[in-house]
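Below are the structure tokens for one structure; questions will follow.
The values are calculated or read from the model by the stated rules, or taken from the named source; none is laboratory data. As the structure is a computational prediction, the values presented were derived from the model and not from experiment. As a convention, Cβ positions derive from the backbone with ideal geometry for all residues, glycine included, and neighbour counts pool all protein chains shown. Just the protein is used for accessible areas: all its heavy atoms, side chains included, with ligands, DNA and RNA removed. Shrake-Rupley method; radii C 1.70, N 1.55, O 1.52, S 1.80 Å.
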Amino acid sequence: MKVKVISILEDNYMYLVIEEQSKQALAVDPAVPHRLLEIVKREGLFLVAVLTTHYHWDHARGNEALVNEVPSLKVYGADDRIKGLTDKVTDSQELKFNSINVKCLFTPCHTSGDMCYYVWEDECTDAPAVFTGDTLFIGGCGRFLEGTAEQMHHNLTKVIASLPQETKVFCGHENTIKNLKFALLVEPENEKVKEMLSWARARDDDDKPTVPSTLKEEFDYNPFLRLSEKAVQKFTEKMEPVEVMRVLRKEMDKFKKPKERLPPQAMLALQWGLLMSSKDHLSPAIKDSD
């Protein structure tokens, strides 16, 4: 089983899960259908199904176009608002595509019909994967748009946390740096957060994705999975896990990532460039008076 990470829109991800022997492929949240089909054609794949995490346009808008292009395509999801839906799935339902297995994990909160997908391959020693949409991010979690802190607490600490620790986490957006800056605000002494933030910045500089992480790693630096840690409780001034979750999300909603400070030499060069640019637009009379 191979997972192809495809960056789309401003910061979204869509994915192709490929069974390499048969060349069958499953798409996850294919919001840019023409690009997906180009990749499918180029790599000689057979697209058999779409797994949709939730109905938002930046995750589901490509479904109808894909069904028009591939009439036999199955589109799975848990919400009737999902465009192009052909097969509605329920919690713990399992799907099978040759040697690839999919278990549906109902995680309502970001929307009331969110579904994560746990995927593994028969007789394969590689780590399984979970596609979390906007429920669990690297270093963070999704907003509670149609749900509650109680639901997200259950989703993260009971549903997703029950998966094997080596499970690879493929989320719906590239917002790792902002998430980790918030995590550092919550736990300023957490060395794992510092290491991960440095790594994520380097990935960003090279224009490379930060997905996937693993569940084990998320428990080391994601504050939304660290609700019982003293530093997290101190930050929120709460002890009860659901209340800690509630305050964390409220603070995250208000959080704006600090601007990156440029090195002094770069700042000087930028200021000099702006100054010279401004002088070029001054009137002759003002220029003569300098």
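With a cut-off of 8 Å between alpha carbons and a minimum separation of six or more residues, what is the relative contact order of the chain in percent?
Computed over the chain, the figure is 11 percent.
Can you tell which of D206, D79, D134 shows the greatest fluctuation in a Gaussian network model of the chain with Cα springs below 10 Å?
D206
A follow-up question, please. Could you rank the peptides 212-222, 232-242 by their average count of other C-beta atoms within 10 Å per residue, with the highest value first?
Going from most to least packed, we get 212-222, 232-242.
Separate question: Rounded to the nearest 0.05, what FRET efficiency do R81 and F46 have when you use their Cβ-Cβ distance and R0 = 25 Å?
In this case the efficiency is close to 0.35.
Using only the alpha-carbon atoms, how far is helix 33-42 inclined from the longest principal axis of the chain? Give it as 0 to 90 degrees, nearest 10.
70
Also, quick follow-up: Roughly how many debye, to the nearest 20, is the charge dipole of the chain about its Cα centre, given +1 on each Lys and Arg Cβ, -1 on each Asp and Glu Cβ, and no other charges?
So the dipole magnitude of the chain works out to roughly 480 debye.
Helix 176-186: angle to the longest alpha-carbon principal axis of the chain, degrees 0 to 90, nearest 10?
It is inclined by approximately 70 degrees.
Could you list the trypsin sites (Lys or Arg not before Pro) in region 95-154 that lie in coil according to DSSP, counting only those with at most 15 other Cβ atoms within 10 Å of their Cβ?
Working: sites: K96, K103, R143; in loops: R143.
Within region 95-154, the qualifying trypsin sites (Lys or Arg not before Pro) (loop, at most 15 other Cβ atoms within 10 Å) are R143.
Please give the per residue accessible area of the chain, computed with a probe of 1.4 Å over protein heavy atoms only, in Å².
On the way: 14920 Å² over 290 residues.
Ligands and nucleic acids excluded, the figure is 51 Å² per residue.
From largest accessible area down, sort E187, E123, E174, E64; use a 1.4 Å probe on the protein chains.
The ordering from most to least exposed comes out as E123, E64, E174, E187.
Carbon and sulfur: what percent of the chain's accessible surface (1.4 Å probe)? Before the final figure, lay out each step's value.
Working: 7660 of 14920 Å².
Answer for the chain: carbon and sulfur cover 51 percent of the accessible area.
Taking Cα centroids, how far is region 158-217 from region 1-57 in Å?
Cα centroid of region 158-217 versus Cα centroid of region 1-57: 23 Å apart.
Of the peptides 176-184, 223-231, how do they stack up when ordered by the mean number of other Cβ atoms within 10 Å, highest first?
Output ranking for 176-184, 223-231: 176-184, 223-231.
Another question, if that's okay. Please list, in order along region 63-69, the HN-Hα scalar couplings obtained from phi with the Karplus expression 6.51 cos²θ - 1.76 cosθ + 1.60 (θ = phi - 60°), rounded to whole Hz, x for Gly and Pro.
The phi angles translate into 4, 5, 5, 5, 5, 5, 7 Hz.
Please compute the length gained on full extension between S22 and E195, using 0.36 nm multiplied by the number of residues separating them and subtracting their Cα-Cα distance.
On the way: separation 173, 0.36 × 173 = 62.28 nm, distance 3.92 nm.
Using 0.36 nm per residue and subtracting the Cα-Cα distance, I get 58.4 nm.
Just for the chain, what percent of DSSP beta bridges are antiparallel, to the closest 5?
Within the chain, antiparallel bridges account for around 70 percent of the total.
Related question: In Å, what Kirkwood hydrodynamic radius results for the chain from the alpha-carbon pair distances? Before the final figure, lay out the partial values.
Details: mean 1/r = 0.0483 Å⁻¹.
Evaluated over the chain, this radius sits at 20.7 Å.
Diagonalise the Cα gyration tensor of region 92-180 and give the resulting equivalent ellipsoid semi-axes, square root of 5 times each eigenvalue, largest first, whole Å.
23, 15, 11
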